[in-house]
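Structure first, then comments.
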Amino acid sequence: MSDVTHESPSSGPPGEDLSWRQRYWKKNVRLLVILLAIWAAVSLGAGVLFIEPLNNIVILGFPLGLWFGQQGAIYTFVILILVYALWMDRIDDEFGVSERNGDGERA
Amino acid sequence: MTSMQFWTFFFLILTFGIYIFIAWRSRVKETKEFYVASQGVPAVANGAAVAADWMSAASFIGMAGMIAFLGSDGSVYLMGWTGGYVLLALLLAPYLRKWGKFTVPEFVGDRYSDTVRVVAAVCAIVISFTYVVGQMTGGGVVFARFLGLSAEWAVVVAAVVIFFYAVLGGMKGITYTQVAQYIVLIIAYLIPAVAVSQAIGGFPIPQVTYGTILSELDALRVEFGLHEFIEAFAGRAGGQLDVFLVTLSLMLGTAGLPHVIIRFYTTKTVRGARFSAFWALFFISLLYLTAPAVGAFTNLNLLRGAQEATADNLPAWIQPWSDAGYVTVSAGDGSIDTVSNSADSGADLIVSNDILVLASPEISGLPAPIIGLMAAGGMAAALSTAAGLLLVISSAASHDIYYRMISKERASEKTQMLVGRLAMTGAVIVAIFAGLNPPAFVAQVVAFAFGLAASTFFPILILGVFWKKANATGAAAGMLTGLIFTGGYMIYTLEVFGTSANDHIFNVSPEGIGAIGAVVNFVVTIVVSNLTRPPSEHVQEMVEEIRYPQARRLTTGS
């Protein structure tokens, strides 16, 4: 793992096909948009904007809106970050940019 | 010495000994160790360190107490202080780690310009100081109540311990101490919560059982003049709009706080930064998911106790806390009819938010060792956060301002370390003075740091990573308008610096203004960047490079 990578000129010899960069970035951004939509829906959506109608549903003593605001949103956040980290591993592998040591194992 | 004092001393001395031992083992000699722990911290350990760094005295001591009285609206803190990690993990941590230097001002300095670097360094120092004051106050609560020390001495003792391991070990010492502090604070938080959950709810998982007591709690709350726990938008005067803005403000601020971002520089790889963020939020969620349950259970026990109490026969836990100045009883007619957390409410029993968690084992009648453990946990939370903040302050002063700006990168490694340690010493001394004169409630003070972080750092960091055309003029203009707008509104609505408090405009509280400040910053940065010259090819290439964790390898036939 190099520490200062931005000082090196763009990787690869001149004329190398760099279109993979756009495809990589597009996949990354699409994943971000999906995950952030869920992020906003469970917290600002269910926990604030729609809390009052959701509170009419009561499960195990919890009004549902309150449950989202104090519990559900947080469970979802943890899962979202895990999904992101695992999914990015797959995208990195697909494009050959994952960080590996000399033996090809994940660094 | 009471048995409670004995156990408090026992756990405090034991844990302080562990912290100092770890700090001594991980003392450092080089700046890379001092600022980013040589970028060799494993993801799980880094996650635990982030969690301890994150969970301040406000989270540990203040939050459940606030939720107990706020009820449903307490979720602004729960969602705000966890939701920001999703933004951080997805939008910032991997890219800033890839770029890989020491501080947040350093990123914006290289990405934009030296002027922005200085503005960012000053903002980092101001935000971290706002925050560190809350930690000192939190430490003071623990000492004042359990050891009978005056709050002044408490602040000094806490500062000396932090000073010892922060100056000696820098980021490395702080990180490994924080791992230990996380373990101490989470055990201290969970044991009483599980015990109370078992005792009242009949099942040892508080996250599940607190739902079952909500109806009994709400009946009691109404009887004592409080709004219902489950009622949305009753706890905050601003209503739905304000709750929305405060939640968003805290989320954006979390993702923009320098002392949190800096932690992702310490991992080995970009992938490590992503997984660190996961572990960090996982560890944080253990406490945050428990906090509303602790708030509800303690509130229930408190009100049950108040129901039976008379002026001559108060529950035993009240007297010591009222001696320490955190509880007021004024039951003129012999019984307690109203309960509140607000000193101006004129209620018969007034309990400060800040003590509910620390007093919860006593209120619920748990044994003395657990109370001692609770005190050690509260101290761990305060110390770990304060140490992380002091590192940001000292690194902004010594690395960003001294090394990059004053010495023009010519200072030797040895001089840099000396300046780093001197800056840390200075920061500790200023923190002591700030802590001796603490304002308002612990958690509220901290909340304002978020508004400032949301309206200054967050937008220009995001644009710096995701928009190549964002330039120095735009970023400087954006940060300054964000800072002036948000800071101005806070000064306008709060009694600070001798100004009088004015009414909230459109019911937006000063804690929520950061979200609007962030939008202002985004708009100004984008508009000004479009009107001025785009950044150099070199900078644009740098932004391109941080998007990919590693140079591409085509050997595996992908």
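The values are calculated or read from the model by the stated rules, or taken from the named source; none is laboratory data. Just so it is clear, the structure is predicted and the values come from calculations on it, not from any experiment. Ideal geometry is used to build each Cβ from the backbone, glycine not excepted, and the neighbour counts take in all protein chains shown.
Return yes when B:VAL41 is surrounded by fewer than 24 Cβ atoms within 10 Å (Cβ to Cβ) and of a type in the set (Val, Ile, Thr) and no when it is not.
no
State all residues of the stretch B:254-308 that are within 18 Å of B:ILE174 (Cβ to Cβ), facing chain A (nearest Cβ under 9 Å) and of a type in the set (Val, Ile, Thr); if no residue qualifies, say none.
Scanning the stretch B:254-308 gives a single hit, B:ILE284.
Taking the stretch A:71-88, which residues are of a type outside the set (S, T, N, Q) and facing chain B (nearest Cβ under 7 Å)?
Once the filter is applied, which keeps residues that are of a type outside the set (S, T, N, Q) and facing chain B (nearest Cβ under 7 Å), the stretch A:71-88 yields A:ALA73, A:ILE74, A:PHE77, A:VAL78, A:LEU80, A:ILE81, A:LEU82, A:TYR84, A:ALA85, A:MET88.
Determine whether the stretch B:224-237 contains at least one residue that is on the phi > 0 side of the Ramachandran plot, in contact (Cβ under 8 Å) with a residue 12 or more places away in the chain, more than 14 Å from chain A (Cβ to nearest Cβ) and assigned to a loop (DSSP other than H, G, I, E, B).
Our first condition is that a residue be on the phi > 0 side of the Ramachandran plot; within the stretch B:224-237, this holds for B:225, B:233.
Applying the additional criterion that residues be in contact (Cβ under 8 Å) with a residue 12 or more places away in the chain yields B:225, B:233.
If we keep only those that are more than 14 Å from chain A (Cβ to nearest Cβ) as well, we get B:225.
Checking the rest, the ones that are also assigned to a loop (DSSP other than H, G, I, E, B) come to B:225.
Within the stretch B:224-237, one or more residues are on the phi > 0 side of the Ramachandran plot, in contact (Cβ under 8 Å) with a residue 12 or more places away in the chain, more than 14 Å from chain A (Cβ to nearest Cβ) and assigned to a loop (DSSP other than H, G, I, E, B).
Against the definition (under 20 Å from B:ASN301 (Cβ atoms) and in contact (Cβ under 8 Å) with a residue 40 or more places away in the chain), how does B:LEU390 come out, yes or no?
No: the conditions fail for B:LEU390.
Counting only residues that are within 18 Å of B:LEU92 (Cβ to Cβ) and surrounded by 19 or more Cβ atoms within 10 Å (Cβ to Cβ), which one in the stretch B:465-481 is farthest from the chain's Cα centre (by Cα)? Steps first, answer last, please.
As a first pass, look at the stretch B:465-481 and keep what is within 18 Å of B:LEU92 (Cβ to Cβ): B:465-468, B:470, B:475, B:478-479.
This time we only want the ones that are surrounded by 19 or more Cβ atoms within 10 Å (Cβ to Cβ), so: B:465, B:470, B:475, B:478-479.
Values: B:VAL465: 25, B:ALA470: 30, B:ALA475: 26, B:GLY478: 25, B:MET479: 22 Å.
Here the residue is B:ALA470.
Go through the residues of the stretch B:104-112 one by one and say whether even a single one is hydroxyl-bearing (Ser, Thr, Tyr) and either closer than 23 Å to B:ALA454 by Cβ or assigned to a helix (DSSP H, G or I) (or both).
yes
So, of the residues in the stretch B:504-558 that are of a type in the set (D, E, K, R) and more than 14 Å from chain A (Cβ to nearest Cβ), which turns out to be nearest to B:VAL246 (Cα to Cα)?
Taking the stretch B:504-558 first, the residues of a type in the set (D, E, K, R) are B:511, B:533, B:537, B:541, B:544-545, B:547, B:552-553.
Now drop any that are not more than 14 Å from chain A (Cβ to nearest Cβ), which leaves B:511, B:533.
Details: B:GLU511: 6, B:ARG533: 35 Å.
Applying the filter and picking the extreme gives B:GLU511.
Might you let me know whether the stretch B:91-100 holds any residue that is buried (at least 24 other Cβ atoms within 10 Å of the Cβ), among the aliphatic types (A, V, I, L, M) and more than 24 Å from A:ILE34 (Cβ to Cβ)?
no
Here are some conditions: (1) in a loop (DSSP other than H, G, I, E, B); (2) closer than 30 Å to B:TYR492 by Cβ. B:SER529 meets all but one. Which one does it not meet?
Failing condition for B:SER529: (1).
Kindly provide the set of residues from the stretch B:89-128 that are within 11 Å of chain A (Cβ to nearest Cβ) and modelled with pLDDT of 85 or more, ordered by number.
Of everything in the stretch B:89-128, those that are within 11 Å of chain A (Cβ to nearest Cβ) and modelled with pLDDT of 85 or more turn out to be B:ALA89, B:LEU90, B:LEU91, B:ALA93, B:PRO94, B:TYR95, B:ARG97, B:LYS98, B:TRP99, B:PHE107, B:ASP110, B:ARG111.
Look through B:ALA154, B:ALA158, B:ALA144 and report the one residue that is touching a helix residue (DSSP H, G or I) at 6+ places or on another chain (Cβ under 9 Å), of a type in the set (A, V, I, L, M, F, W, C) and under 21 Å from B:ALA423 (Cβ atoms).
Details: B:ALA154 fails: under 21 Å from B:ALA423 (Cβ atoms); B:ALA144 fails: under 21 Å from B:ALA423 (Cβ atoms).
From the options B:ALA154, B:ALA158, B:ALA144, the qualifying one is B:ALA158.
So if I check each of B:ALA293, B:ALA306, B:ALA273, B:ALA359, which one is touching a Lys or Arg at 6+ places or on another chain (Cβ under 6 Å), crowded, with 20+ Cβ neighbours inside 10 Å and in a helix (DSSP H, G or I)? Full working, then the answer.
Numbers: B:ALA293 fails: touching a Lys or Arg at 6+ places or on another chain (Cβ under 6 Å); B:ALA306 fails: touching a Lys or Arg at 6+ places or on another chain (Cβ under 6 Å); B:ALA359 fails: touching a Lys or Arg at 6+ places or on another chain (Cβ under 6 Å).
Matching residue, one of B:ALA293, B:ALA306, B:ALA273, B:ALA359: B:ALA273.
It is to be established whether one or more residues within the stretch B:404-419 are of a type outside the set (A, V, I, L, M, F, W, C) and touching a strand residue (DSSP E or B) at 6+ places or on another chain (Cβ under 9 Å).
No, the conditions are met nowhere in the stretch B:404-419.
Of these, B:ALA311, B:ALA324, B:ALA316, B:ALA368, which one is among the hydrophobic types (A, V, I, L, M, F, W, C), in contact with a Gly (Cβ under 8 Å, 6 or more places away or on another chain), more than 14 Å from chain A (Cβ to nearest Cβ) and surrounded by fewer than 24 Cβ atoms within 10 Å (Cβ to Cβ)?
Details: B:ALA324 fails: in contact with a Gly (Cβ under 8 Å, 6 or more places away or on another chain); B:ALA316 fails: in contact with a Gly (Cβ under 8 Å, 6 or more places away or on another chain); B:ALA368 fails: in contact with a Gly (Cβ under 8 Å, 6 or more places away or on another chain).
Checking each option against the conditions leaves just B:ALA311.
Check off (1) assigned to a loop (DSSP other than H, G, I, E, B); (2) surrounded by 19 or more Cβ atoms within 10 Å (Cβ to Cβ); (3) not aromatic (Phe, Trp, Tyr) for B:ASN521 and give me the number that stays unchecked.
Tallying (1) assigned to a loop (DSSP other than H, G, I, E, B); (2) surrounded by 19 or more Cβ atoms within 10 Å (Cβ to Cβ); (3) not aromatic (Phe, Trp, Tyr), B:ASN521 fails exactly one: (1).
Of the residues B:LEU220, B:LEU250, B:LEU214, B:LEU245, which is surrounded by 16 or more Cβ atoms within 10 Å (Cβ to Cβ) and either in contact with a Pro (Cβ under 6 Å, 6 or more places away or on another chain) or at the interface with chain A (Cβ under 8 Å from one of its Cβ atoms) (or both)?
Details: B:LEU220 fails: either in contact with a Pro (Cβ under 6 Å, 6 or more places away or on another chain) or at the interface with chain A (Cβ under 8 Å from one of its Cβ atoms) (or both); B:LEU250 fails: either in contact with a Pro (Cβ under 6 Å, 6 or more places away or on another chain) or at the interface with chain A (Cβ under 8 Å from one of its Cβ atoms) (or both); B:LEU245 fails: either in contact with a Pro (Cβ under 6 Å, 6 or more places away or on another chain) or at the interface with chain A (Cβ under 8 Å from one of its Cβ atoms) (or both).
Criteria check complete, one pass: B:LEU214.
Being farther than 25 Å from A:LEU32 by Cβ, under 19 Å from the mean Cα position of the chain (by Cα) and either crowded, with 24+ Cβ neighbours inside 10 Å or modelled with pLDDT of 90 or more (or both): is that true of B:TYR85 here?
no
So which of B:VAL184, B:VAL208 ends up being of a type in the set (A, V, I, L, M, F, W, C), at pLDDT 90 or above and out of contact with any helix residue (DSSP H, G or I) (no Cβ under 7 Å at 6 or more places or on another chain)?
B:VAL208
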